[in-house]
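A.B. asks: Mind having a look at this structure? Questions to follow.
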Amino acid sequence: MKIIHDNDIKTITLLDERYYQSPVTKNWYPSNTTVLDVYPKGFGFTQWLKDLGHNADEVLKRAGEQGTRIHDAIESFLLGGELKWIEPNDEAKFSLDEWVMILKFVEFYKAYKPETIAVETALVSDELGFGTRLDYVCRIEGEIWYLDFKSGAGIYKSNKIQAVACQKAWNEQSKDKITRVGLFHLKAQTRGADKSGQTMQGEGWKVDEVVPDEQDKMWRLFEHTLAIWKEENPNPKPKNMVYPDRVKIDIV
């Protein structure tokens with residue numbers, strides 16, 4: 001949910017970020033993550049939710065908020081900003097867990113020296129029928145990569161499908177085609193660099209690649225999932241809510 005405050009007209013608008021509007025047709029389309037809500041997460045995920053019980057929503061909310069803070073920090077770093085763990089008033093801007101994951105990306109950046117092409121870029125496609133936001137498009141050793149940051153404990157097939165959908169949306173609209181797709185896992189169990197040099201990884205982080213042969217399969221799975229989503233949601237449209245930003249009683 002995105003919040004926009006217009007002080008001139010004294011309103012707060014809550015934008016439903018699960019949908020994107022085409023700048024050409026003005027049609028609304030679901031985000032690729034919204035589409036994948038209908039994709040089965042697997043027994044392990046379902047059992048995890050059952051074990052959490054009534055706390056599941058709160059845990060997922062906190063995980064989402066943590067992911068957003070990490071994404072925002074990496075974006076700021078890539079755009080030349082200076083990241084500080086401790087503010088001048090001695091308050092921590094990030095939790096220890098978050099700061100460690102941010103440092104893992106910094107380690108990757110210094111080791112592989114990627115050339116930034118795009119960061120946190122929103123795209124919407126009338127032809128493909130969905131919108132998305134790409135985490136990081138970069139060039140590494142002459143090849144264009146899409147890296148999707150993941151701060152959760154594991155990597156799931158739905159994560160691969162989501163990343164390939166981002167690749168497809170980008171390649172439809174850009175002359176710089178993405179050929180390599182990786183899930184940048186910031187909580188990997190790796191102990192250090194890959195001695196063979198075939199995998200980009202370090203202590204506690206790893207780029208899990210969706211290899212080219214697997215990309216076509218992941219895209220087909222997304223198309224099937226999108227067809228199911230459209231069947232259940234024939235008229236997609238966000239629910240944007242507008243509220244006054246202040247109230248007062250006029251006392252006579």
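The values are calculated or read from the model by the stated rules, or taken from the named source; none is laboratory data. Predicted model, so just to flag it, every value in this text is computed and none were measured. Cβ sites come from the backbone with ideal geometry, for glycine too, and all protein chains shown count toward neighbours. The area values use the complete protein model at the heavy-atom level, side chains included, leaving out ligands, DNA and RNA. Shrake-Rupley method; radii C 1.70, N 1.55, O 1.52, S 1.80 Å.
A.B. asks: By how many nm would the segment from Asp97 to Val252 grow when fully extended, if each residue of separation counts as 0.36 nm and the alpha-carbon distance is taken off? Mind showing how you got there, number by number?
C.D. replies: Numbers: separation 155, 0.36 × 155 = 55.80 nm, distance 5.45 nm.
Full extension of this stretch gives 50.4 nm more.
A.B. asks: Counting each pair of different Cα atoms once, what's the Kirkwood radius of region 29-111 in Å, rounded to one decimal? Let's see the in-between values first.
C.D. replies: On the way: mean 1/r = 0.0647 Å⁻¹.
15.4 Å is the Kirkwood radius here.
A.B. asks: Rounded if a/c is under 1.5, else prolate if a/b beats b/c, else oblate: with a ≥ b ≥ c from the C-alpha gyration tensor eigenvalues square-rooted, which is region 55-151?
C.D. replies: Working: a/c = 2.16, a/b = 1.21, b/c = 1.78.
Verdict is oblate for region 55-151.
A.B. asks: Sticking with this one: So what's the Cα pair-distance distribution over region 94-184, bin width 5 Å, in %?
C.D. replies: Pair shares across the bins are 3, 13, 24, 23, 19, 12, 5, 2, 0.
A.B. asks: Take the Cβ-Cβ distance between Glu87 and Glu231 as r, set R0 to 51 Å, and report the resulting FRET efficiency rounded to the nearest 0.05. Numbers along the way, then the final one.
C.D. replies: Working: r = 49 Å, r/R0 = 0.96.
According to the calculation, E is roughly 0.55.
A.B. asks: Volume per residue, Å³, of the convex hull around the alpha-carbon atoms of region 131-252?
C.D. replies: 208 Å³
A.B. asks: Also: By per-residue mean of other Cβ atoms within 10 Å, what is the highest-first order of 200-208, 214-222? The partial results should precede the final answer.
C.D. replies: Working: 200-208: 19.2, 214-222: 16.3.
My ranking of the peptides, most packed first, is 200-208, 214-222.
A.B. asks: Continuing with the same structure: Among the listed pairs Lys160/Lys239; Lys41/Lys206; Lys41/Lys150; Lys50/Lys239; Lys26/Lys160; Lys113/Lys187, give every one whose C-alpha distance is greater than 19 Å. Walk me through the intermediate numbers first.
C.D. replies: Working: Lys160/Lys239 28 Å; Lys41/Lys206 22 Å; Lys41/Lys150 16 Å; Lys50/Lys239 29 Å; Lys26/Lys160 29 Å; Lys113/Lys187 21 Å.
Pairs exceeding the cut-off: Lys160/Lys239; Lys41/Lys206; Lys50/Lys239; Lys26/Lys160; Lys113/Lys187.
A.B. asks: With a length cut of 27 Å (Cα positions projected on each helix's long axis) and a Kyte-Doolittle mean of at least -0.5, go through the chain and give me the DSSP H helices that pass. Present the calculation step by step, with values, prior to reporting the outcome.
C.D. replies: On the way: long enough: 56-78 (33 Å, -0.45); 212-232 (31 Å, -1.21).
Once both thresholds are applied, what remains is 56-78.
A.B. asks: Here's something else I'd like to know. Charges only on Cβ, +1 for Lys and Arg, -1 for Asp and Glu: so what's the dipole of region 113-252 about the Cα centre, in debye to the nearest 20?
C.D. replies: Working: 21 positive and 22 negative charges, 73 e Å.
With Lys and Arg at +1 and Asp and Glu at -1, about 360 debye.
A.B. asks: Quick one: length gained pulling Lys113 to Leu79 fully straight, 0.36 nm per residue minus the C-alpha distance? Please list the in-between numbers first.
C.D. replies: On the way: separation 34, 0.36 × 34 = 12.24 nm, distance 1.42 nm.
Additional length available on full extension: 10.8 nm.
A.B. asks: Using a 1.4 Å probe on the protein heavy atoms, what percent of the accessible area of the chain belongs to carbon and sulfur? Write out the running numbers ahead of the final one.
C.D. replies: Values: 7870 of 15420 Å².
Carbon with sulfur: 51 percent of the solvent-accessible area.
A.B. asks: Now for a separate question. Based on the alpha-carbon set only, what is the convex hull volume of region 59-99 divided per residue, in Å³? Could the numbers behind the result be given before it?
C.D. replies: Numbers: hull volume 2.6 nm³, N = 41.
About 64 Å³ per residue, rounded to a whole number.
A.B. asks: Roughly how big is the chain's charge dipole about its Cα centre, with Cβ charges of +1 (Lys, Arg) and -1 (Asp, Glu), in debye to the nearest 20? Intermediate results must be reported in sequence, preceding the final value.
C.D. replies: Details: 34 positive and 40 negative charges, 67 e Å.
Around 320 debye, computed over the chain.
A.B. asks: I've got another one for you. Accessible area per residue, 1.4 Å probe, Å², for region 166-252: what's the number? Spell out each step's value before the answer.
C.D. replies: Details: 6020 Å² over 87 residues.
That works out to 69 Å² per residue.
A.B. asks: Students often forget the sequence filter, so: which aspartates and glutamates lie under 17 Å Cα-Cα from Lys237 once same-chain residues fewer than 8 apart are removed?
C.D. replies: Filter leaves Asp16, Glu17, Asp37, Asp126.
A.B. asks: Taking 0.36 nm per residue of sequence separation and subtracting the Cα-Cα distance, how much length would be gained by fully extending the chain between Ala153 and Gln173, in nm to one decimal?
C.D. replies: Numbers: separation 20, 0.36 × 20 = 7.20 nm, distance 3.26 nm.
Full-extension gain reported as 3.9 nm.
A.B. asks: Follow-up. Within 11 Å, Cβ to Cβ, of Glu120, how many net charges do the neighbouring residues add up to if Lys/Arg are +1 and Asp/Glu are -1? Write out the running numbers ahead of the final one.
C.D. replies: Details: positive: Arg133; negative: Asp72, Glu75, Asp135.
Summing Lys and Arg as +1 and Asp and Glu as -1 gives -2.
A.B. asks: Give the lysines whose C-alpha is closer than 18 Å to that of Lys84, dropping any in the same chain fewer than 8 places away, or say none.
C.D. replies: Answer for Lys84, where 18 Å is the Cα cut-off: Lys93, Lys104, Lys110, listed by chain and number.
A.B. asks: Taking only protein heavy atoms into account and a 1.4 Å probe, give the accessible area per residue of region 73-117 in Å². Numbers along the way, then the final one.
C.D. replies: Working: 2840 Å² over 45 residues.
Spelled out: the 1.4 Å probe surface of region 73-117, per residue, equals 63 Å².
A.B. asks: Could you tell me the largest-minus-smallest coordinate of the C-alpha atoms of the chain on each of the three principal axes, in descending order and whole angstroms?
C.D. replies: 79, 52, 44
A.B. asks: Say we join alpha carbon atoms closer than 10 Å with springs in a Gaussian network model of the chain; which of Ala73, Ala153, Ala165 then has the biggest fluctuation?
C.D. replies: Ala153
A.B. asks: At a 10 angstrom cut-off on C-beta neighbours, averaged per residue, how do the peptides 231-239, 28-36 rank from highest to lowest? List each step's numbers first, then the result.
C.D. replies: Details: 231-239: 10.3, 28-36: 21.4.
Top to bottom by mean Cβ count within 10 Å: 28-36, 231-239.
A.B. asks: Per DSSP H run of n ≥ 4, the term is -39500 (n - 2.57); total these for the chain, divide by its residue number, and report the mean residue ellipticity at 222 nm rounded to 500 deg cm²/dmol. Don't skip to the answer; put the middle values down first.
C.D. replies: Details: 6 runs with 92 residues, N = 252.
Value at 222 nm, helices only, nearest 500: -12000 deg cm²/dmol.
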